Amino acid sequence: MQSFSFKRAVLKVGSALISPDGQGCSGEYVLPIAKFISDSRKQGKEIILVSSGSVAAGRSQVKSRQRPTVAEKQAMASIGQTQMMANWARFFDFSCAQMLITIDDLNDRRRYINFKNTLNALLSNQALPIINENDTIAVDEIKVGDNDNLAAHVALATQADTLIICSDVDGLFTANPRIDSSAKLISYVENIDEHTLSLAGDAGSSLGTGGMVTKLQAAQKCTKSGVQTMIVSGLKASAFTHLANEQCPGTLFAATSKASSARRHWLTHTIKVKGQIIIDEGAYNALLNKGASLLAVGITQVCGQFTNNDAVEICFEGKAIAKGISAYSAQELGQILGLGSKEIESTLGFHYGEEVVHRDNLVSM
């Protein structure tokens, strides 16, 4: 087993562990996980829990057809969320705090910062934050989509040093262990490359939305930003005994870079781009080699419909080279592209500053 250490970890627990039969909450797999959380806190470590399971927990309480409608699933989530929280709370002698979020909360900078501040306040007051996607109101366009990637966003936003993802298998294998008896557990991955990603199979659970693919996506996000990641079996109580002793019983993915700032993570991984800004060679050199802001004079074309403060890709010779927040809308940029900074106000009748994308709101790709 690989040794590790951590100070602040995000622990992701899926639906199959919360509701093994899909018809309500169970403590069968939760108890050893709860003990690990309590033991870690006694050691002075911080745990942030990302827990799926609200739909499965409330399924039996809502009449539905064989394939529930969106409204029926959201009703299940609404009932099941309280049951899931109560199921966790019964194992602890400290406060549990519910946090429900959607991708909109992560896209919006102000709400993103509020989320971080609230979570840090909970930790400083010795409460256990329990985070889930807000399935009671979220629809596809405002969903993160799976709690593996949600956990990755949370780990990076909260500057955790470790992400632990519970699975229904021991970790990443050389082949699918369910159908190949020769499959071997990979205990350590130094770098997640195309070969690593190719080892992932389809979702293995009828209850969850994630499989090994989403777990590797989450691990890749985190390790690139300086957060070590583990995939371990949530079905085995012994796994959490090993984790409490700082031994990884599954697969440990090493952090491949230093921890990035929360703002850089937000720009890189969280916000969705609404359009593209095409730049010339001078602007390309200024951005990448001099760390400069993007000015209107270096813009040659604008693609898409976006407003000011939307995220955009910055492209050169057909390739996205950066991502950032545009101070001007697509329509406004169409009027000032190629112009000097002093010409902006006379052209538009107003200005939001000389920089179209300030270097503080820009990240290279």
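About the Cα centre of the chain, what is the dipole size in debye to 20, counting +1 per Lys and Arg Cβ and -1 per Asp and Glu Cβ, all else neutral?
Details: 34 positive and 35 negative charges, 189 e Å.
Value, rounded to 20: 900 debye.
What does the charge count near SER52 come to, summing +1 for each Lys or Arg and -1 for each Asp or Glu among other residues with Cβ under 12 Å from its Cβ? Present the calculation step by step, with values, prior to reporting the outcome.
Working: positive: LYS12; negative: GLU133, ASP135, ASP146, ASP148.
Value of the local net charge: -3.
Sort the following peptides by mean Cβ neighbour count (other Cβ atoms within 10 Å, averaged over residues), highest first: 299-309, 163-173.
Per-residue mean Cβ counts within 10 Å order the peptides as 163-173, 299-309.
What lysines does LYS184 reach when the alpha-carbon gap must be under 24 Å and sequence neighbours fewer than 8 apart in one chain are set aside?
Output for LYS184: LYS12, LYS215, LYS236.
For the stretch 1-41 and the stretch 268-341, compute the distance between their C-alpha centroids and round to whole Å.
44 Å
At 222 nm, what value in deg cm²/dmol follows for the chain if DSSP H runs of at least 4 each add -39500 (n - 2.57) and the sum is divided by all its residues, to the nearest 500?
-9500 deg cm²/dmol
Take the cross-link list LYS221/LYS274; LYS221/LYS272; LYS45/LYS323; LYS7/LYS323 and give me the ones stretching past 23 Å between alpha-carbons.
The pairs that break the limit, which is 23 Å between Cα atoms, are LYS45/LYS323; LYS7/LYS323.
Quick one: divide the alpha-carbon radius of gyration of the stretch 257-343 by 2.2 N^0.38 Å and tell me what you get.
The value comes to 1.08.
For the chain, take the alpha-carbon Rg, divide it by the Kirkwood Rh, and send me Rg/Rh. Before the final figure, lay out the partial values.
Numbers: Rg = 22.7 Å, Rh = 22.1 Å.
When Rh is taken as the Kirkwood radius, the ratio is 1.03.
Every read-out reported here was derived from the displayed coordinates using simple, explicitly stated rules and does not represent laboratory data. Predicted model only: the values in this text are computed from it and were never measured. Counting neighbours? That spans all protein chains shown, and the Cβs are built from the backbone with ideal geometry, glycine included.
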